[in-house]
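I have placed the structure first, in the form of structure tokens, so that the comments after it can refer back to it.
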Amino acid sequence: MDERLRIVIAKPGLDGHDRGAKFVARALRDAGHEVIYTGLRRTPEEIVRTVIDEDADFLGLSSLSGAHNFLIPKIIDLLISSGCGDVIVFAGGIIPEIDRPRLFSKGVRAIFGPGTSSTNMNDFILLTVERRESNSPVGCGEETDWRWN
Amino acid sequence: MDIIKLKNGDRRSLSKTLTMIEKGDLKSADIKEFFPAINEAEVWAITGSPGVGKSCISEHIIDNWLQENKKIAVLAVDPSSPLSGGALLGDRIRISNSDNSDNLFYRSLATRGQSGAIPSNISDMIKLFSALDYEKILIETVGAGQAEVRVASVSKFIILVEAPDSGDILQAEKAGLMELADIIVVNKSDLERANEKAEQLKLALQLSENESPNVFLISAKEKLGFKDLFLEMKELEKNKKENKSKSKISLSFAWESLLWNYKGIDLILQKLESEKITIKEAINEIMEEFKID
Ligand SMILES: Nc1nc2c(ncn2[C@@H]2O[C@H](COP(=O)(O)OP(=O)(O)OP(=O)(O)O)[C@@H](O)[C@H]2O)c(=O)[nH]1
Ligand SMILES: [Mg+2]
């Protein structure tokens with residue numbers, strides 16, 4: 001893989017903590033990716049616009065506030081209706097086990113809890129890129145049950 | 001590239017086309033082919049040491065342009081990490097309220113290491129935005145080192161930002177930038193010593209023999225001093241004076257990109273490395289090629 005990946009890390013919702021999001025952003029940069037960090041409290045519309053303008057391959061959504069149940073599906077719907085169903089979406093932060101199946105079925109391909117190692121995230125990214133290159137569905141709007149965890 | 005969608009203002013097509021330019025798959029000659037008449041946008045660069053407030057100032061400039069109903073493109077350039085090749089592009093963090101306007105397109109770019117490559121791509125990107133009727137282009141770049149001076153040289157106007165708490169960049173580079181700047185801004189006027197910094201700069205400029213840029217004291221945080229800055233920007237756009245050192249840099253930059261975009265360059269470098277030819281012969285060979293073109 002010699003292509004440089006572009007990854008948007010965004011924080012929807014109202015909580016004011018972004019230590020986790022920044023950690024993820026730095027880890028991905030250190031793995032050789034170009035990471036665009038949006039800062040706190042972005043609306044779904046702003047996040048989708050950022051993904052479009054930045055021509056991102058991946059969108060990582062960090063949520064600590066419980067807003068994920070509403071916001072993440074909304075963002076994915078917006079991505080798909082904007083023609084960005086090929087973008088690969090993952091999530092992080094505090095997302096309880098019972099909320100996860102719905103997010104996965106909505107098109108989230110991995111959920112990383114607090115304390116996830118950067119190796120784990122990178123393996124996910126490399127594997128999804130392999131899938132994309134072999135034309136297997138992996139984008140948030142593509143039909144598949146595949147997920148990382 | 002979907003030229004119809006692009007011409008109809010589809011953002012994703014524009015974004016994908018920028019990626020093609022960034023990879024070197026599309027050049028300004030190709031763009032000119034699709035767009036016979038191109039109005040040149042006004043290109044501004046905002047530069048200065050890390051953390052002086054370039055992005056916060058940009059936000060106010062963008063807002064001002066949006067209020068005038070201008071179509072705006074921002075290119076925020078940050079260095080790639082020399083170790084991993086990755087980059088953390090965080091200038092968007094400061095751009096809050098203007099993010100939703102259809103008249104604003106905001107793209108973050110990493111320098112991707114190869115010296116010379118990014119600035120030549122940037123001028124192709126400027127061409128594309130101009131072709132799509134963008135009227136204002138703002139390039140944010142960190143003002144330290146040669147590459148960044150070159151990024152600034154693809155723009156028509158340069159704003160150099162200083163702050164009372166900013167670590168000084170190397171004297172020589174700073175002198176170079178000060179010579180290039182059309183406007184010097186001292187940001188963070190809400191902090192102590194901002195005034196002092198502005199006075200120091202004015203004094204230094206008085207000593208230079210060139211016609212010197214005006215110095216503005218502002219606070220991006222408190223939104224103070226912007227009225228005068230905006231007036232000066234308008235004034236400059238109306239009658240820009242050519243600046244000799246800037247023309248010099250633009251010329252040498254254009255020269256350099258001609259050289260590095262020359263298709264036989266790898267072969268010439270190989271021959272030089274194995275001492276099959278001398279530098280002089282290499283230059284002759286390249287010149288020969290340019291003549292035929
Ligand atoms: N006190 C004060 N702080 C400011 C002002 N403008 C910006 N800052 C702060 O300075 C810090 C850096 O601001 P940015 O706008 O990100 O600076 P920058 O020059 O774009 O930084 P890089 O892109 O990292 O080189 C932030 O913490 C801002 O809140 C100001 O007018 N006064
Ligand atoms: Mg910045």
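Only the coordinates and a few stated rules stand behind these numbers; no lab work does. Everything quoted here is computed from the prediction, not taken from an experiment. Positions of Cβ are backbone-derived with ideal geometry, glycine not excepted, and every protein chain shown enters the neighbour counts.
How would B:SER123, A:SER105 line up from fewest to most surrounding beta-carbon atoms within 10 angstrom? Each step should come with its number before you reach the end.
Details: B:SER123 19, A:SER105 11.
In order of increasing Cβ crowding within 10 Å: A:SER105, B:SER123.
Can you put B:MET1, B:MET287 in order of Cβ neighbours within 10 angstrom, beginning with the fewest? Don't skip to the end; give the middle numbers.
Values: B:MET1 13, B:MET287 9.
Neighbour counts put them in this order, fewest first: B:MET287, B:MET1.
Remind me, what semi-axes does the protein assembly as shown give for its equivalent ellipsoid, largest first in whole Å, using sqrt of 5 times each Cα gyration tensor eigenvalue?
On the way: eigenvalues 282, 167, 87 Å².
Equivalent-ellipsoid dimensions as semi-axes: 38, 29, 21 Å.
What 222 nm value per residue comes from the helices of the protein assembly as shown, counting each DSSP H run with n ≥ 4 as -39,500 (n - 2.57) and dividing by all residues, nearest 500 deg cm²/dmol?
-14000 deg cm²/dmol
Viscosity 1.306 mPa s, temperature 10 °C: give me the Stokes-Einstein translational D for chain A in µm²/s, with Rh taken as the Kirkwood radius over C-alpha pairs. Walk me through the numbers on the way to the answer.
On the way: Rh = 14.9 Å.
In µm²/s, the coefficient rounds to 106.
Could you compute the net charge surrounding B:GLU222? Neighbours are other residues with a C-beta less than 11 Å from the C-beta of B:GLU222; K and R count +1, D and E count -1.
Details: positive: B:LYS188, B:LYS221, B:LYS223; negative: B:ASP190.
That works out to +2.
In what sequence do B:THR19, B:THR141 fall when counting other Cβ within 10 Å, fewest first?
Details: B:THR19 15, B:THR141 29.
Least crowded to most crowded, the residues run B:THR19, B:THR141.
Per-residue mean of other chain beta-carbon atoms within 10 angstrom of the beta-carbon, peptide A:49-58? Spell out each step's value before the answer.
On the way: counts 8, 5, 2, 7, 14, 9, 10, 1, 0, 0.
What the average comes to for A:49-58 is 6.
Let's test the formula: R0 of 22 Å, r as the Cβ-Cβ distance of B:GLU289 and B:ALA29. What FRET efficiency results, to the nearest 0.05?
Working: r = 17 Å, r/R0 = 0.76.
Efficiency, rounded to the nearest 0.05: 0.85.
Ignore the peptide's own chain and count Cβ atoms of other chains within 10 Å of each Cβ in B:10-19; give me the average, rounded. Before the final figure, lay out the partial values.
Working: counts 2, 5, 7, 1, 3, 6, 2, 1, 3, 3.
Across B:10-19, the average partner-chain Cβ count within 10 Å equals 3.
Can you spot the lysines whose alpha carbon is less than 22 Å from B:LYS280's alpha carbon? Ignore those fewer than 8 places along the same chain.
Within the straight-line limit of under 22 Å, B:LYS280 reaches these lysines: B:LYS263, B:LYS271, B:LYS291.
By the scheme Lys and Arg +1, Asp and Glu -1, what is the net charge of all other residues having a beta-carbon under 10 Å from that of A:PRO73?
Details: positive: A:LYS74, A:ARG102, A:LYS106; negative: A:ASP77.
Summing Lys and Arg as +1 and Asp and Glu as -1 gives +2.
Using only alpha carbon positions, build the gyration tensor of the stretch B:33-113, then give the equivalent ellipsoid semi-axes as the square roots of 5 times its eigenvalues, largest first, whole angstrom. Walk me through the intermediate numbers first.
Working: eigenvalues 117, 69, 26 Å².
Equivalent ellipsoid of the stretch B:33-113: 24, 19, 11 Å, largest first.
Would you kindly derive the ³J(HN,Hα) couplings of the stretch A:15-24 from the backbone phi angles with the Karplus curve 6.51 cos²θ - 1.76 cosθ + 1.60 (θ = phi - 60°), listing them in order in whole Hz, with x for Gly and Pro?
6, x, 10, 10, 4, x, 4, 5, 4, 4
Within the stretch A:47-145, which GluC sites (Glu not before Pro) sit in a loop by DSSP and count at most 10 neighbouring Cβ atoms inside 10 Å?
Numbers: sites: A:GLU54, A:GLU97, A:GLU130, A:GLU133, A:GLU142, A:GLU143; in loops: A:GLU54, A:GLU142, A:GLU143.
Qualifying residues, ordered by number: A:GLU143.
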